[in-house]
Amino acid sequence: MKLWTSHHTFDHPWETVVKAACRKYPNPLNPSVRGTDVIDRRIKNGILYSHRLITTHWTFPSGLFRVFTRDRLCYASEWSTINPESKEMVIKTVNITLGAHVSVDEVVTYSPHPENSDATLLTQQAVISVQGVPLIDHLEGLLTKTIEENAKKVSRLHTFSVVFC
């Protein structure tokens, strides 16, 4: 099992960053996300709750995919809450595809930066676990590296999206 954590500061207020986060897909900077489908969306006590199905196209080497599946499309379930009063957006994502062998549980939080009210702090955490296949440490390392590379894209993607809010 691998634990990965990252922090990024956006030089924009929380409201602007959250608007950008809600509009980040589809985006040419991350073409691996093929679709986002809303399963449920509701407001309760002023908090927006959403549940989406995320479809992605993984770019791992084909030999690695043969270990798990032949289809390169992967699905994840994403639950998010946006609380405008506490100024917190939390996104929890769990992979559906490859679930018998690969578990990736990710939590992303957007909150006002504690030292600068005109900035927003992004915190990402992921727990990566592979089981029932050879080379577990190697595969967990590859997944962790992929998540880290995608996090760098997300930072650029948000910056790109903020410009258009």
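For the stretch 1-35, a residue qualifies if it is open to solvent by less than 60 Å² (accessible area, probe 1.4 Å) and part of a helix (DSSP H, G or I), and the qualifying residues are 14, 16, 17, 18, 20, 21. The number of residues in the stretch 116-137 being in a helix (DSSP H, G or I) and at pLDDT below 70 comes to 1.
You will find that of 107, 130, the residue that is touching a strand residue (DSSP E or B) at 6+ places or on another chain (Cβ under 8 Å) and open to solvent by less than 30 Å² (accessible area, probe 1.4 Å) is 130 and no other. Can you pull out every residue in the stretch 13-35 that is under 17 Å from residue 91 (Cα atoms) and polar (S, T, N, Q)? If the condition is that a residue be under 17 Å from residue 91 (Cα atoms) and polar (S, T, N, Q), then 16 is the only one that fits. Across the stretch 36-59, the qualifying residues are those that are open to solvent by 70 Å² or more (accessible area, probe 1.4 Å) and not in a strand (DSSP E or B), and the one among them that is nearest to residue 88 (Cα to Cα) is 45. Scanning the stretch 76-104 for residues that are over 12 Å from the mean Cα position of the chain (by Cα) and either on the phi < 0 side of the Ramachandran plot or open to solvent by less than 30 Å² (accessible area, probe 1.4 Å) (or both) yields a count of 16. So, in the stretch 92-115, exactly how many residues are without any contact (Cβ under 8 Å) to a residue 24 or more places away in the chain and outside any loop (DSSP other than H, G, I, E, B)? Adding up the residues that qualify gives 7.
Any chance the stretch 93-102 includes a residue that's at pLDDT 90 or above and not small (Gly, Ala, Ser)? Steps first, please.
Residues of the stretch 93-102 that are at pLDDT 90 or above, as a first pass: 93-94.
Those left that are additionally not small (Gly, Ala, Ser): 93-94.
Yes: the stretch 93-102 contains one or more residues that are at pLDDT 90 or above and not small (Gly, Ala, Ser).
Looking only at the stretch 23-43, residues that are among the hydroxyl-bearing types (Ser, Thr, Tyr) and closer than 12 Å to residue 75 by Cα come to 2 in all. Would you check if residue 87 is among the basic types (Lys, Arg) and modelled with pLDDT under 75? So residue 87 does not fit the description; no.
The values are calculated or read from the model by the stated rules, or taken from the named source; none is laboratory data. Computed from a predicted model, the values in this text were never measured in an experiment. Cβ atoms come from the backbone with ideal geometry, glycine included; neighbour counts cover every protein chain shown. Areas reflect the complete protein model, heavy atoms only, side chains present, ligands, DNA and RNA absent. Shrake-Rupley method; radii C 1.70, N 1.55, O 1.52, S 1.80 Å.
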